[in-house]
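Chemist: Once you've had a glance at the structure underneath, I'll fire off some questions.
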Amino acid sequence: MISRGPVAVGRRILGLDVSASDQTVARWHGDEPDAPGLDARETRQLRHIRRLGATGSVLMAIGALGAGAQPVLQNPIQGVRILGLPARIPTTALTMAMTGTVLVVLAWLLLGRFAVGRSANGLPPRRMTRSQLDRTLLLWILPLTIAPPMFSRDVYSYLAQSEITARGLDPYSIGPGQALGLDNVLTRTVPTIWRDTPAPYGPLFLWIGRGISAITGDNIVFGIFLHRLCALAGVALIVWALPRLAKRCGVASVSALWLGAANPLLIFHLVSGVHNEALMLGLMLAGIEFALRAIEKSEPITGRSAAYLLAGTTLMALSTTIKITSILALAFIWMALARRWGPSVKSLIKSALYLGSITAVVIVAVSFASGLGLGWLSPATLGTANAVRSWMSLPTSIGIMTGFGGVLLGLGDHTTAVLSLTRPIAAVVAAFIIVRMLIAAFTGRLHPVGALGVSLGALVLLFPVVQPWYLLWAVIPLAAWATRAAFRIPTIAFSSIVCVILMPNGAEYKPFVIVQASIATIIVCTIIILATRNILPWRGAVSGDTGAKSKTETTDAYAESS
């Protein structure tokens, strides 16, 4: 008994002796049945919600003309009479941007009533159709596609690093300041903290950037537009893959799209902020969908199924060459494929060799075809972002608060020393969670998509640096699997709060400007809520429970829609 004790404890810790019903994370998932469409009253409310979000998006686009992350040079609206006006009234521009942000978030929250659905009279909840959600998302995104970038200045780093690559220099060894010169028009738009920093991105992204640079040269506006087109392509892949993955997990496609693709974090940061996470996540999710088409079929993986598996693995490997983080997706497809071939050590080795060889070929081919080599895999390059101390990172926050406490106690500032302890400990914890999720996927207790989402969530929260859009790494896969309130409510709340508190210029404003804009935003939004209290479902009534229909009539409507 003594000799078996540690083994039993170890197996329990790793989840080898834990049933599916005892998995805490597994309780986040529950099957969502198909639901009928909205009735006439709900459809009218949906149209008003769509207009509310579109109004907010337009206000954001106008406010971005003065409060967005505009370039230092080559600003096309500078000096223009009407378009240049917001830049000359910063408090008003910030108020418009903040008001638009709040309206989009409020519209998204109201839209959730018709995406997730609420049961009335014990019947299945009614949900909006996929086409209704697609039209809503498109309408909210369009104004931001032609507006200046907001919430981040990373796109200017993309432009400078792309130009470095186009000049035949190594973006993984030198930064924009050294490669292009501090007086270069592209370097001057890069945030100061990144001017001497090598590129932290994979070769595929810089290869694409080199093509963009060859077309646009030093034209910043045209370069932003082409980078945004790449981001929109990634968003399109997300919208394509997410409902298909949700169907595999027994989740309503509309609710998954609402929480994942229509999330303001995606609209604000991947579309408006032009982040390359869009392309990374799009390729990753599309790859997972293709791979699972082969793995989850009962027939042998040959012919078309083998082609799907090859295509899926290739897409996930390409995603890795955008950002290395998405390699986790390949690990969970590895577990799914090994389980498909029979849960044994032999199948683990066989599937690892199969997927690993394809991945290695793709990564090496992209690395050398792009002319950039494998320098992007060096520890120095992968740790570039660690220069930032992010308040959203758990180990970094603990280190900063501990260091600040030491200063208050007169012990000196030991933040750096504390971070050297908290960050490695967090890395070990994240690695343990990932291993636990891999085992859960291999043994069949968790679906690979759900296990991947949990692992990415642990990685994000315990990562040394966390940016707001990093949350989408976990939120989007989990939107296709996790349905319980224990996941959705905190995710909705955190997404809403993070979207509202960030400044639209990607930097800071003077405190009095922020206070003035915040007060004006609160007043305007309050007036809008009061003015629409009779046409929008602000008061939390059960969706579709109008009292005008009897339970029999509602049942008949559900039967007809089915």
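Chemist: Rounded to the nearest percent, how much of the accessible area of the chain (1.4 Å probe, protein heavy atoms only) is carbon and sulfur?
Modeler: Percent of accessible area from carbon and sulfur atoms in the chain: 66.
Chemist: Using the heavy atoms of the protein chains and a 1.4 angstrom probe, tell me the accessible area per residue for the chain in square angstrom.
Modeler: Result: 43 Å² of accessible area for each residue.
Chemist: Using alpha carbons only, what's the Rg to Rh ratio of the range 300-372 with Rh from Kirkwood?
Modeler: Checking Rg against Rh, the ratio lands at 1.00.
Chemist: Then there is this: If you count, for each residue, the other Cβ atoms within 10 Å and average over each peptide, how do 217-223, 149-155 line up from highest to lowest?
Modeler: Top to bottom by mean Cβ count within 10 Å: 149-155, 217-223.
Chemist: Now for a separate question. Mind ranking 354, 308 by accessible surface for me, highest first, 1.4 Å probe?
Modeler: On the way: 354 75, 308 50 Å².
Highest to lowest solvent-accessible surface, that is 354, 308.
Chemist: Taking the Cβ of residue 366 as the center, what net charge do the other residues with Cβ under 15 Å away carry, scoring Lys and Arg +1 and Asp and Glu -1?
Modeler: Numbers: positive: 210, 323; negative: none.
Taking every other residue near residue 366 into account, the sum is +2.
Chemist: Rounded to the nearest 10 Å², what accessible area does residue 447 have for a 1.4 Å probe in the complete protein model?
Modeler: 40
Chemist: Please state the relative contact order of the chain as a whole percent: Cα pairs under 8 Å, 6+ residues apart?
Modeler: 21
Chemist: On to the next question. Based on the alpha-carbon gyration tensor of the range 143-297, what equivalent-ellipsoid semi-axes (square roots of 5 times the eigenvalues) come out, in whole Å, largest first? Kindly include the intermediate steps, with their values, before the conclusion.
Modeler: On the way: eigenvalues 218, 57, 27 Å².
So the three semi-axes of the range 143-297 are 33, 17, 12 Å.
Chemist: Another one. Please give the peptides 325-331, 488-494 ranked by average Cβ packing (other Cβ atoms within 10 Å per residue), highest first, as a rough proxy for protection.
Modeler: The peptides rank, most packed first, as 325-331, 488-494.
Chemist: Subtracting the Cα-Cα distance from 0.36 nm times the residue separation, let me have the gained length for residue 353 to residue 500 in nm, one decimal.
Modeler: Contour length minus the Cα-Cα distance gives 48.3 nm.
Chemist: Right, another one. 7 Å from Cα along Cα→Cβ at both residue 365 and residue 247: what's the point-to-point distance in nm?
Modeler: About 2.9 nm, to one decimal.
Chemist: Could you tell me what fraction of 2.2 N^0.38 Å the Cα radius of gyration of the chain comes to, as a two-decimal ratio?
Modeler: Dividing the Cα Rg of the chain by 2.2 N^0.38 Å gives 1.01.
Chemist: Where does each of 227, 48 land when they are ordered by accessible area, with a 1.4 Å probe and the largest first?
Modeler: 48, 227
Chemist: Provide the packing ranking of 510-516, 260-266, i.e. peptides ordered by the mean count of other C-beta atoms within 10 Å per residue, highest first.
Modeler: Top to bottom by mean Cβ count within 10 Å: 260-266, 510-516.
Chemist: State whether the range 242-366 is rounded, prolate or oblate according to the following rule on the C-alpha gyration tensor (a ≥ b ≥ c being the square roots of its eigenvalues): a/c under 1.5 gives rounded; otherwise a/b larger than b/c gives prolate, and the remaining case gives oblate.
Modeler: Cα axes put the range 242-366 in the oblate bin.
Chemist: Give me the number: length gained by fully extending residue 88 to residue 428, i.e. 0.36 nm times residue separation minus the C-alpha to C-alpha distance, one decimal in nm.
Modeler: 117.4 nm
Chemist: When Lys and Arg each count +1 and Asp and Glu each count -1, what net charge do the other residues less than 14 Å away from residue 199, Cβ to Cβ, add up to? Write out the running numbers ahead of the final one.
Modeler: Working: positive: 167, 195, 210, 323; negative: 154, 163, 170, 196.
Local net charge: 0.
Chemist: Right, something else. Any idea how far the Cα center of the range 227-261 sits from the one of the range 466-534, in Å?
Modeler: 20
The values are calculated or read from the model by the stated rules, or taken from the named source; none is laboratory data. Since this is a predicted model, take the numbers as computed values, not measurements. Counting neighbours? That spans all protein chains shown, and the Cβs are built from the backbone with ideal geometry, glycine included. The accessibility values were calculated without ligands, DNA or RNA, using every heavy atom of the protein model including side chains. Shrake-Rupley method; radii C 1.70, N 1.55, O 1.52, S 1.80 Å.
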